[in-house]
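What follows draws every value from the coordinates through simple rules; no lab data is involved. Keep in mind that this is a model prediction, so the values were computed, not measured. Please note: Cβ atoms are built from the backbone with ideal geometry, for glycine as well, and neighbour counts cover all protein chains shown.
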Amino acid sequence: MKMHSKRTAVSLLAAALLLGQLVGCSGGSKSGEGHGANPAGSGSGAGPVTLTYFSEDASSNWNNMQDRIGKVITEKTGVTLDAEFAVGDPVQKVSIMAATGEVPDLIAAKADLGKLVDVGAVLDLTDLIEEHAPNIKKMLGDKMVRAKYSLEDPAIYAIPTWSAVDERKLKPDYGFQLQHRVVKEAGYPEIRTVQDYEKVIKDYLAKHPTDENGNKNIGLTLNADDWHMYQVTNMGFFTTGAPDDGEYFVDQETFDVTYHFRRPEEREYFRWLNHMNDIGLLDKESFVQKTDQFKAKVASGRVLGLIDPAWDYGEAQQALKSAGKFDQTYGHYPVTMSKEYKDTSFWPAGFDGGYGIAISSKCKDPVKAIKFLDYLASEEGQILINWGIEGTDYIVKDGKRIVPPEVQQKMDKEGNTYLKESGLGLYWNLTVHYGDGIKDSTGNYFTKNNNELLAATYSEPEKEALAAYKIEHWRDLFPKEEEFPERKAGAAYNIALPSDNIANILGAKMKDVTWKRIPEAIMAKPEQFDKIWDDYMAELEKAGVEEMEEAYGQFVKDRVKLWNGESK
């Protein structure tokens with residue numbers, strides 16, 4: 001591989017130092033040479049090892065791998081994880097790692113992976129994958145190029161985990177949610193625009209201002225706690241026909257980018273939130289509450305509507321199910337500003353690469369680490385982490401894996417307790433994985449998110465809502481994948497930039513401006529909105545937004561070249 005800049009030199013130095021201490025540690029040399037691999041092929045040693053692990057994403061049900069699935073993974077791999085999950089801003093934690101050099105064995109970093117790459121804190125995994133990870137290699141196949149870091153530095157610094165291979169999504173993740181009881185009382189009307197959404201909430205709240213205990217019902221609440229602010233701001237592009245490219249809108253023909261808030265149509269989305277606040281349908285605590293408070297409100301059943309990703313409110317919704325409040329759980333609706341726009345929830349990005357698991361340059365056993373990740377990518381591992389233990393979490397009947405009704409009922413009743421004891425949902429993003437709708441060698445689906453099993457998870461109020469809309473699944477309300485053009489740059493949000501790049505530096509400034517101005521604009525009096533928004537746009541220009549767009553756009557264009565097999 002061609003050497004690139006000081007980054008490669010630092011990485012090679014780190015690897016060289018490690019070779020003196022570790023058996024089989026290699027980020028660039030042939031890992032099968034110069035060490036005594038044991039006959040079983042377990043890498044640098046047959047004994048168990050505990051690997052330290054940091055993830056930027058929370059995992060509230062993590063049980064130190066003492067759950068059913070975790071115990072099997074340890075038995076099969078000899079690895080346990082001493083895990084730490086980000087509290088507060090994960091970017092700050094990664095920045096400290098980069099500055100101090102104190103890094104765990106495994107790191108699940110996102111766009112700020114570049115900070116670790118710059119200081120040689122993570123290994124190039126290219127040779128480790130080639131020699132010790134046949135399952136990862138098989139799963140990635142011709143998509144391996146998308147795991148490469150950049151056109152300038154085509155090393156693989158992370159095993160992609162956030163983008164599923166050959167994904168055929170069956171459930172909407174983002175979008176607008178409404179409680180089943182709300183749409184039922186409205187007579188199951190078409191809910192296609194923000195005006196439709198607003199009307200059903202307003203009408204229900206007028207009739208039912210309080211719950212059965214006399215507590216005020218809440219029309220709509222937002223989770224804007226720290227980095228969750230992205231969940232508030234992302235809806236600017238979702239409601240105006242753009243896909244999720246992070247903080248940028250990408251022109252699909254030229255690959256030029258625009259800081260997405262600068263699109264005139266997005267102003268109107270935030271104006272609508274301002275209107276919702278003005279008429280009393282938006283929770284006044286939306287921009288001051290913490291995530292735990294947000295979840296507690298949702299779990300109380302008092303929140304009629306949400307505009308939030310399913311993974312964020314899922315724990316609270318599970319609490320509602322455990323309490324038997326199924327009519328206070330949520331359905332998904334393809335809401336946009338007007339019918340001229342399409343909801344882009346199912347606009348495919350293809351396999352993204354990008355975000356994933358890195359092995360640090362200080363990892364105590366890189367071979368063991370890559371084999372651990374490779375086991376999770378095997379067919380056996382994929383079935384285990386998605387389905388659990390046969391006979392306990394699922395059964396095989398007539399050659400088909402199914403979740404018996406009594407087990408599904410137990411899952412619904414016990415909620416997060418069941419997930420914590422079983423380990424279901426805790427390991428899917430620890431390695432590259434197959435997406436929904438993909439079958440294994442037995443003809444069964446790798447994940448439970450398939451049309452047959454998905455239907456079995458629906459409660460009676462949910463089934464009633466689906467029947468009223470004459471659909472089988474919520475995705476049937478949404479525009480289909482084939483209605484959208486190919487995204488040749490994938491999802492631009494997961495491009496890792498060098499920490500000293502101007503797009504990174506200016507991006508931090510834009511975030512500070514945006515996170516101050518958006519709440520201010522939403523909570524202002526309607527007659528003040530345009531003045532605040534104009535000042536916001538001027539402040540972005542003064543802070544250098546156009547220079548940032550130019551710099552980030554070059555990375556998008558370079559990614560397209562890399563994925564097309566071009567070289568620098």
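Of note:
- Sites Ala543 and Glu520, calculated FRET efficiency, Cβ-Cβ separation with R0 22 Å, nearest 0.05: 0.85
- Near the amide H of Ile218, within less than 5 Å, lie the amide hydrogens of Val303, Leu304, all on another chain or at least 5 residues away, with H placed in the peptide plane.
- Degrees between helix 90-100 axis and first principal axis of the chain (Cα, 0 to 90, nearest 10): 30
- Computed per residue of the chain from DSSP H runs no shorter than four, each worth -39500 (n - 2.57), the mean residue ellipticity at 222 nm is -12000 deg cm²/dmol.
- At most 12 other Cβ within 10 Å, DSSP loop - trypsin sites (Lys or Arg not before Pro), region 100-198: none
- Around Glu464: net Lys/Arg minus Asp/Glu count, Cβ-Cβ under 14 Å: -1
- In the structure shown, the pairs Lys420/Lys557; Lys138/Lys561; Lys362/Lys542; Lys371/Lys448 are assessed against 32 Å; a Cα-Cα span above that value is assigned to Lys420/Lys557; Lys362/Lys542.
- Amide H contacts of Thr447 (H built 1.01 Å from N, in plane; Pro and chain starts excluded): Gly437, Ile438 sit under 5 Å, all sequence-distant by 5 or more or on other chains.
- Whole-Hz ³J(HN,Hα) from phi, Karplus 6.51 cos²θ - 1.76 cosθ + 1.60, for region 397-409, glycine and proline x: 10, 6, x, 10, 6, 9, 9, x, x, 5, 6, 4, 5
- Per-residue ³J(HN,Hα) for region 55-69, Karplus 6.51 cos²θ - 1.76 cosθ + 1.60, θ = phi - 60°, Hz, x for Gly and Pro: 10, 6, 9, 5, 8, 5, 9, 4, 10, 6, 6, 9, 6, 4, 5
- Least to most buried among Ser441, Ser361, Ser300 (fewest other Cβ within 10 Å first): Ser441, Ser300, Ser361
- Asp173 sits among other residues whose Cβ lies under 13 Å from its own Cβ, and their net charge, with Lys and Arg +1 and Asp and Glu -1, is -3.
- Of all aspartates and glutamates in the structure, the ones whose alpha carbon falls short of 17 Å from that of Lys525, not counting any fewer than 8 places away in one chain, are Glu268, Asp278, Asp283, Glu285, Asp534, Asp535.
- If R0 is taken as 30 Å, the Cβ-Cβ distance between Val407 and Ala310 corresponds to a FRET efficiency of 0.85.
- Applied to region 115-127, the Karplus parametrisation 6.51 cos²θ - 1.76 cosθ + 1.60 on θ = phi - 60° returns per-residue 3J(HN,Hα) values of 5, 6, 4, 4, 9, x, 7, 10, 8, 6, 8, 3, 6 Hz, with x for Gly and Pro.
- Ordering Val94, Val72 from the fewest to the most neighbouring beta carbons within 10 Å gives Val72, Val94.
- Subset of Lys297/Lys516; Lys76/Lys137; Lys148/Lys342 violating a 26 Å alpha-carbon distance limit: Lys148/Lys342
- Extension gain for Glu130 to Asn564 (0.36 nm times residue separation, less C-alpha to C-alpha distance): 154.1 nm.
- Distance from region 488-508 to region 212-264 (C-alpha centre basis), Å: 18
- The label point for Ala455 and the one for Arg168, both projected 7 Å from the Cα toward the Cβ, are 1.6 nm apart.
- Degrees, to the nearest 10: 366-377 long Cα axis against longest axis of the chain: 50
- Residues Lys531, Lys509, arranged from fewest to most other Cβ atoms within 10 angstrom of their Cβ, appear as Lys531, Lys509.
- Relative contact order of region 495-563, defined on C-alpha pairs under 8 angstrom at six or more residues apart (%): 42
- Filtered GluC sites (Glu not before Pro), region 413-511: DSSP coil and at most 15 other beta carbons within 10 Å: Glu472, Glu486
- Extension gain, Gln92 to Glu481, is 136.4 nm, computed as 0.36 nm per intervening residue step minus the present C-alpha separation.
- Estimated FRET transfer efficiency when R0 is 35 angstrom, pair Ala508-Gln293 (beta carbons, to 0.05): 0.80
- Net dipole in debye of the chain [+1 Lys, Arg Cβ; -1 Asp, Glu Cβ; about Cα centre; nearest 20]: 760
- Amide proton proximity set for Asp82, modelled H, under 5 Å, gap of 5+: Leu51, Thr52, Tyr53
- Summing +1 for each Lys or Arg and -1 for each Asp or Glu among the other residues whose beta-carbon sits under 14 angstrom from that of Met337 gives -1.
- Nearest-ten-degree value, helix 194-207 long axis tilted from longest Cα axis of the chain: 60
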